[in-house]
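Read through the structure below, which is laid out as structure tokens, and then see the notes.
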Amino acid sequence: MKIWMVIPAYNEARSLERILRRLKEKNLNVIVIDDGSKDSTYTVAKLKADIVIRNEKNLGKGMALRRAITFLLENEKFDYIITMDGDGQHSASDVDKFINEASKGENFVVGNRMDNPQGMPKTRIITNKLMSWLLSKMVSQSIPDTQCGFRLISRDVLEKIRFRANKFEVESEILIKAAKESFAIKSIPIHSIYFRRIKSKIHPLIDTLRFIRFLCTLNDKEK
């Protein structure tokens, strides 16, 4: 069973170095997508990741993930990817939980922070619960944390779906399209890590509006 860690990163040099060190201790294959960073993210990634893809300018998380997944599908033999953020809000210690689910043959597993969202801003909790409730209704599966980017996805899923989102709505698009292909989506508890000194790149109001607009236009995009 071969697994690739997929990490989109934008100006995350400090946290990325720590994450990559932990992942390499686990002997995992890692691909980093530097999404137009202005700090030393690219340099850090080149030193510690197996593959680094660099966007010359910031294109958004969705585009970064699309580039990495397309590259892996075209160039590597693998069974699963595990996506995680490069800002340190996902714990490398939780990776083993996803690997355990892969050993059980699960196709799609999403991290769930909502059972104990310690440190998560209240506005994020509210918007996340709203989005997760709506998306769960849409896909007829219970997914308590649809906006979590810490995920295990099998190659079978990736080969059957085509996603087009460029920004954070990519988290929702992948879930919707995997569910439409009749894949079961499982959730597992993970740590919720928030640092007060770090400003989130997610804007609750803007990204909620973008999420709603995305849902309204999803069917049109598929035509």
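The values are calculated or read from the model by the stated rules, or taken from the named source; none is laboratory data. Remember, it's a predicted structure, so these values are computed and weren't measured experimentally. Glycine gets a Cβ as well: all are built from the backbone with ideal geometry, and neighbour counts include every protein chain shown. The area values use the complete protein model at the heavy-atom level, side chains included, leaving out ligands, DNA and RNA. Shrake-Rupley method; radii C 1.70, N 1.55, O 1.52, S 1.80 Å.
Okay, here's what the table says:
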{"quantity": "Whole-number accessible area per residue in Å² for the chain, which is evaluated in the context of all protein chains at 1.4 Å", "calculated": "50 Å²"}
{"quantity": "Cα-only radius of gyration and Dmax that characterise region 1-92, units Å", "calculated": "11.9, 36"}
{"quantity": "Simple spin-label estimate for R164 and L47 in nanometres, 7 Å along Cα-Cβ", "calculated": "4.1 nm"}
{"quantity": "Label point at S103 placed 7 Å out along Cα→Cβ; residues across region 1-31 whose backbone nitrogen lies under 19 Å", "calculated": "1-5, 23-29"}
{"quantity": "Length-normalised contact order for region 23-119 - Cα pairs under 8 Å, 6+ apart - percent", "calculated": "21 percent"}
{"quantity": "Compactness relative to 2.2 N^0.38 Å, alpha carbon Rg of region 105-197", "calculated": "1.07"}
{"quantity": "Ordering of 21-27, 32-38 by packing [mean C-beta count within 10 Å, highest first]", "calculated": "32-38, 21-27"}
{"quantity": "Projected label distance in nm at S140 and I193, using a 7 Å step from Cα toward the beta-carbon", "calculated": "3.8 nm"}
{"quantity": "Peptides ranked, highest mean first, by Cβ atoms within 10 Å: ranges 60-67, 175-182", "calculated": "60-67, 175-182"}
{"quantity": "Region 86-153, accessible surface, carbon-and-sulfur percent (1.4 angstrom probe)", "calculated": "54 percent"}
{"quantity": "Computed Kirkwood radius, in angstrom, where 1/r is averaged over Cα pairs of region 52-104", "calculated": "13.0 Å"}
{"quantity": "Within the chain, helix-based [θ] at 222 nm, where runs of 4 or more DSSP H residues each add -39,500 (n - 2.57), nearest 500", "calculated": "-14000 deg cm²/dmol"}
{"quantity": "Out-of-range pairs (alpha-carbon distance over 27 Å; input K57/K77; K61/K104; K26/K77; K26/K122)", "calculated": "K57/K77; K61/K104; K26/K122"}
